[in-house]
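I have placed the structure first, in the form of C-alpha cells, so that the comments after it can refer back to it.
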Amino acid sequence: MIYFDYNATAPVMREAREAWLHVTEKLGGNPSSMHQFGTRAAIVLADAREKLAAYLGCNPNDIVWTSGATEANNMVMHHFSKKLAPTQKVFVSAIEHPCVDDSSKYYFGKRVKTIPITRDGVIDMEWLTAELAEERPGLVAVMAANNETGIIQPWQEILAMCQAYEVPFFTDAVQFIGKLPCKGLGDCDYVTGAAHKFGGPRGVGFLKIKPRSQITPLLLGGKQEGGRRAGTENTAIIAAMMAVLDVREKQISQSQHLLRKVWRDNFEAQFLRALPGATVIGHNQPRLWNTVSVLMPEGDRKSQWVIRLDKAGFAVSTGSACTTGKEEPSHVLSAMGYKSAQAQRAVRFSAGWETTEADWDALLKAVVNVHGEMQHKA
C-alpha cells in the first residue's frame, strides 16, 4: 500500500519512536515535581521549548504545549472571547480548518466576519485592506497553508498589515510546519502546530502566544505551563515531536523539498495530459510541495476514486479528514467559487518526505488505469 494522505496524518518516524522510548524509560518523572526525576523531565521540557522557539523565532516563554492543534486553536478563540468587548468582531478566513471555523462561530456567533477567498484560493487582500481601513477587529485569523488545496496564504503580508493597524494576527500553521521553514512564524501573535502532520506522534502540539502576554486558560485545575494550560505535560511525546522537527528542518535547510516539488510538478503535468477534463486546483499558485488537489473529469465521483485507488494499493482522500462523512461539499472549494457538482469530483493526493519519485509514477499509472476502467463501465 502506497500512502498519499500525509495531510491527514503522517506515519510516525523512527526518530520520534526512539526519543519517546528514551524519555519514557530514562526520564519518566513529572516535570512539576521537585525531586531529581522531576527536574530531569523539566530540563527535557525546557530544552524542547527553547528549540521550538529558535525555529519559530520567538521567546521560549511564548510557547504553550497542548494536546494538538485542535486544542490550541480552540484556546485562541476562547481567549479572545473573554478578552474582547462584547460587540467587537473577529475576521476569520473562509478556508480555515473546522477547529478554527467552528470554535470562532461558537464563541463569537454573528460577530465573525468571513474573509473571502479569490478563485485562485488565496485571501482576498483587497477586501482585507479595505475592511481594516474601516474597522478594527479584535483578531484576524488566516491559516498559513490550506490543508485541502495546499495553497500557501500570504501570511507575512497579512501580518504586516495587522501590525500597521495594531490588530492581533493568528495563523494556524499546522500544514506549513515541517514542510517549509518555520523561520518568521514566531513574528505572528498567535501560531499553532501539531506533530502528527510531519511525522511526530499524535496527541501533541503547541500554541505560540503574543510576547509578554497571557492566555486565558481553556483547561483548569493546575498551574502547569505558567498557569496557561492545566495538566501534566507529556514530556515523552513533546521530545518525540522535536526530534522529528529537527529532521524536517535539516531537510528543508538542504533544499530537499525543492526536488520533491519537481516530482509533484511532473506528476501534475502528466496527470493533466492523461485525463482530459481534469483540473489541478490552484495550479498556478504557490502551494505546499507535497499537495495535489484535483477535480476529476465529469462523471467521476470522488468516493469512487478513493475506493478504487484503495483497492489498487493507494491511500488518497477527498479533502480534510476532519470533515469525512459530511454530505455537503468542501467549504474550501465553495469559498473558491466551485459549484457543488464540481466539488463532488475533488480528490487530494498528499505526499510526505518519504514519498519517492517512483511512488508518484506508480500513482499516475493507477489513476490512468482506474479512469480507463470507469470509462469502460460507463
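The values are calculated or read from the model by the stated rules, or taken from the named source; none is laboratory data. Because the structure is a prediction, the values reported are computed rather than measured. Using ideal geometry, Cβ is built from the backbone for each residue, glycine included, and neighbour counts are taken over all protein chains shown.
Where in region 319-378 are there helices (runs of 4 or more DSSP H), lying wholly inside it, with at least 3 residues that are at pLDDT 90 or above and closer than 29 Å to residue 12 by Cβ? Break it down into steps so the answer makes sense when it comes.
On the way: elements: 331-335, 340-343, 357-377.
Qualifying helices (runs of 4 or more DSSP H): 357-377.
Identify all residues within region 232-255 that are surrounded by fewer than 19 Cβ atoms within 10 Å (Cβ to Cβ) and either more than 20 Å from the chain's Cα centre (by Cα) or of a type in the set (Gly, Ala, Ser) (or both); write none if there are none.
Hits for region 232-255 are 232, 253, 254, 255.
Would you mind stating whether residue 131 is farther than 27 Å from residue 293 by Cα, surrounded by 15 or more Cβ atoms within 10 Å (Cβ to Cβ), in the same structural domain as residue 211 (by TED's automatic domain parsing) and of a type in the set (Asp, Glu)?
Working: farther than 27 Å from residue 293 by Cα: yes; surrounded by 15 or more Cβ atoms within 10 Å (Cβ to Cβ): yes; in the same structural domain as residue 211 (by TED's automatic domain parsing): yes; of a type in the set (Asp, Glu): yes.
Yes; evaluated as a whole, the condition is true for this residue.
Being crowded, with 18+ Cβ neighbours inside 10 Å and within 25 Å of residue 27 (Cα to Cα) narrows it down to one residue among 271, 206, 267; which is it?
Details: 271 fails: within 25 Å of residue 27 (Cα to Cα); 267 fails: within 25 Å of residue 27 (Cα to Cα).
Step by step, each of 271, 206, 267 is checked, and only 206 is crowded, with 18+ Cβ neighbours inside 10 Å and within 25 Å of residue 27 (Cα to Cα).
Considering only residues that are under 23 Å from residue 353 (Cα atoms) and aliphatic (A, V, I, L, M), which ones fall in region 160-190?
173, 174, 177, 180, 185
Can you confirm whether residue 76 is in a strand (DSSP E or B), β-branched (Val, Ile, Thr) and closer than 30 Å to residue 184 by Cβ? If you could, list the steps in order and put the result at the bottom.
Details: in a strand (DSSP E or B): no; β-branched (Val, Ile, Thr): yes; closer than 30 Å to residue 184 by Cβ: yes.
Taking the combined requirement at face value, the residue does not satisfy it.
Give me the residue from region 11-29 that is at pLDDT 90 or above and touching a helix residue (DSSP H, G or I) at 6+ places or on another chain (Cβ under 6 Å) and, out of that set, nearest to residue 362 (Cα to Cα).
Out of the qualifying residues, it is 13.
Just the residues that are among the aromatic types (Phe, Trp, Tyr) and assigned to a helix (DSSP H, G or I), please, taken from region 45-70.
Pass one, region 45-70, residues among the aromatic types (Phe, Trp, Tyr): 55, 65.
Of everything in region 45-70, just one residue is among the aromatic types (Phe, Trp, Tyr) and assigned to a helix (DSSP H, G or I), namely 55.
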